[in-house]
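> Quick one: the structure is below, questions incoming.
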Amino acid sequence: MTTTGTVNGSNEALRPHAEDAFAEELKALAAADDRPRPTRWNLSPWAVATYLLGGALPDGTVITPKYVGPRRIIEVAVTTLATDRALLLLGVPGTAKTWVSEHLAAAVSGDSTLLVQGTAGTPEEAIRYGWNYAQLLAHGPSRDALVPSPVMRAMSEGRIARVEELTRIPADVQDSFITILSEKTLPIPELGEETQAVRGFNVIATANDRDRGVNDLSSALRRRFNTVVLPLPATVEEEVDIVSRRVDQIGRSLELPEVPAGADEIRRVVTVFRELRDGVTGDGRTKVKSPSGTLSTAEAISVVTNGLALAAHFGDGVLRPGDVASGILGAVVRDPAADKVVWQEYLETVVRERDGWKDFYRACRETTAGR
Ligand SMILES: Nc1ncnc2c1ncn2[C@@H]1O[C@H](COP(=O)(O)OP(=O)(O)O)[C@@H](O)[C@H]1O
Ligand SMILES: [Mg+2]
């Protein structure tokens, strides 16, 4: 793919693709990797898993963990990609499905951009191919007039194609994948030809648990996928670790001040989200009501990042309770009536009583009263 976003020779894209952002790590892994690589893979399955989970190479290069969670999940996901089955990453919103899919494609194919975004309006052409109409009218149907989809390109180049939110795609359009995944071919009836997938081709799809039933996968299609469920982080520590790492990365790209890993405010945001999500306090003693929003790890990351920006631009550069309070309120109170009651009850019965949380309680109360 040709990319713009380069200023004076350096990549200034606001959000570089994984293969660019982590080019150094991928290069070091390829150099250190002496295990067998499946055809057209840039790395061995072992090295792909190391790229995702982090580790240290013999030459001292540190590979940062991209995914924090059970090792086995990544091992199964990577292994699936080397088989004739496609990979379906399933989970509630914010469990890193998109993130893992991007990094897997970057590590296996060196290219995470062969992407189809699934929506209710995704047409068949986005999965198969379209036509350049000027060419088509001038010269009739030909290979030159054909505009391949990302999936078709992945098939002919032997790379990974990504499909985001597979279950949002209408069922009849989803079915385009059946031939692609079972026969590994894409017929082009207009030309009396086909594009056959070469080794290295596979598909990573993501789907949201909550969408189940909207456009459920047909059983014929489901059979072509190995499903890997991404769980919510198991413990507060794990979630604080994930949020700290991501905030650090995003903060650096936005030129925001640093936050110490596991800072108080990160811990508080994560704790509040987990307790409201689980419907019970961390010590298991007090039941709390859950609000309507998802309160995912991804949302905790954005609340902390926004807080950091507030601290940088309007505070003293140090993340304080007042900087995260409005973000928390915005994430928790989605439905102004019902959620506000849930939030106030949690604030008064849990946050108020908690040791060392007085300043946080005050900041949240002031923010809530101001709405
Ligand atoms: N277990 C995890 N390990 C690493 N990052 C995570 C984890 N869970 C969530 N994240 C972070 O959450 C953010 C959102 O994830 P995303 O892939 O968009 O979620 P999904 O596609 O499942 O809705 C990403 O920036 C990712 O870094
Ligand atoms: Mg996603």
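The values are calculated or read from the model by the stated rules, or taken from the named source; none is laboratory data. Computed from a prediction, not measured in an experiment: that's the story for all the values here. A quick note on method: Cβ atoms are made from the backbone with ideal geometry, for glycine too, and the neighbour counts reach across all protein chains shown.
> Has the range 299-319 got any residue that is at pLDDT 95 or above and in a loop (DSSP other than H, G, I, E, B)?
No; the residues of the range 299-319 include none that is at pLDDT 95 or above and in a loop (DSSP other than H, G, I, E, B).
> Let me ask you something else. Going by the structure shown, is residue 264 away from ligand 2 (no atom under 16 Å from the Cβ), farther than 22 Å from residue 90 by Cα and in contact with an Asp or Glu (Cβ under 9 Å, 6 or more places away or on another chain)?
Taking the combined requirement at face value, the residue does not satisfy it.
> Then there's this: Based on what the data block shows, is residue 99 within 16 Å of ligand 1 (Cβ to nearest atom) and free of Cβ contacts under 8 Å to residues at least 40 places away in the same chain?
yes
> Ok, one more. Can you tell me which condition residue 196 does not meet? The list is (1) within 16 Å of ligand 1 (Cβ to nearest atom); (2) farther than 26 Å from residue 98 by Cα; (3) of a type in the set (S, T, N, Q), and all the others hold.
Residue 196 satisfies all of (1) within 16 Å of ligand 1 (Cβ to nearest atom); (2) farther than 26 Å from residue 98 by Cα; (3) of a type in the set (S, T, N, Q) except (1).
> For residue 154, which of the numbered conditions (1) in a helix (DSSP H, G or I); (2) surrounded by fewer than 23 Cβ atoms within 10 Å (Cβ to Cβ); (3) touching a strand residue (DSSP E or B) at 6+ places or on another chain (Cβ under 9 Å) fails to hold?
(2)
> Out of all the residues in the range 34-52, which are part of a loop (DSSP other than H, G, I, E, B) and of a type outside the set (Lys, Arg)?
The answer is 34, 36, 38, 39, 41, 42, 43, 44.
> Across the range 115-130, which residue is farthest from ligand 1 (Cβ to nearest atom) among those that are more than 18 Å from residue 298 (Cβ to Cβ) and loosely packed, with under 15 Cβ neighbours inside 10 Å?
Of everything passing the filter in the range 115-130, 125 is farthest from ligand 1 (Cβ to nearest atom).
> Please go through the range 286-318 and pick out each residue that is among the aliphatic types (A, V, I, L, M) and either in contact with a Phe, Trp or Tyr (Cβ under 7 Å, 6 or more places away or on another chain) or surrounded by 15 or more Cβ atoms within 10 Å (Cβ to Cβ) (or both).
Result: 288, 295, 298, 300, 301, 303, 304, 308, 309, 310, 311, 312.
> Please identify the pairs in which a residue from the range 158-185 that is within 26 Å of residue 96 (Cα to Cα) and outside the structural domain of residue 96 (by TED's automatic domain parsing) has its Cβ atom under 7 Å from the Cβ atom of a residue that is more than 14 Å from ligand 2 (Cβ to nearest atom) and basic (Lys, Arg), counting only partners at least 6 apart or on another chain.
Every condition considered, no pair remains.
> Next up: Taking the range 311-321, which residues are closer than 18 Å to residue 273 by Cβ and either in contact with a Pro (Cβ under 7 Å, 6 or more places away or on another chain) or without any contact (Cβ under 8 Å) to a residue 60 or more places away in the chain (or both)?
321
> In the range 95-114, how many residues are within 27 Å of residue 171 (Cα to Cα) and surrounded by 21 or more Cβ atoms within 10 Å (Cβ to Cβ)?
Final tally of qualifying residues: 10.
> If I ask for residues that are more than 13 Å from the chain's Cα centre (by Cα) and outside any helix (DSSP H, G or I), which ones from the range 89-114 would you list?
Once the filter is applied, which keeps residues that are more than 13 Å from the chain's Cα centre (by Cα) and outside any helix (DSSP H, G or I), the range 89-114 yields 110, 111, 113, 114.
> I'd like to check which strands (runs of 3 or more DSSP E) are fully inside the range 157-255 and have at least 3 residues that are under 20 Å from residue 117 (Cβ atoms) and within 16 Å of ligand 2 (Cβ to nearest atom).
Where strands (runs of 3 or more DSSP E) fall fully within the range 157-255 and carry at least 3 residues being under 20 Å from residue 117 (Cβ atoms) and within 16 Å of ligand 2 (Cβ to nearest atom), they are 160-164, 202-208.
> Next question. Applying the selection to the range 340-364, what residues are in contact with a Ser or Thr (Cβ under 8 Å, 6 or more places away or on another chain) and surrounded by fewer than 20 Cβ atoms within 10 Å (Cβ to Cβ)?
340, 342, 344, 347, 349 - these are the residues of the range 340-364 that are in contact with a Ser or Thr (Cβ under 8 Å, 6 or more places away or on another chain) and surrounded by fewer than 20 Cβ atoms within 10 Å (Cβ to Cβ).
> Starting from residues that are small (Gly, Ala, Ser) and outside any loop (DSSP other than H, G, I, E, B), keep the ones in the range 66-88 and report whichever is nearest to ligand 1 (Cβ to nearest atom).
77
> Of the residues that make up the range 350-368, is at least one closer than 26 Å to residue 234 by Cβ, at pLDDT 95 or above and of a type in the set (Ser, Thr, Tyr)?
So far as the range 350-368 goes, no, none of its residues is closer than 26 Å to residue 234 by Cβ, at pLDDT 95 or above and of a type in the set (Ser, Thr, Tyr).
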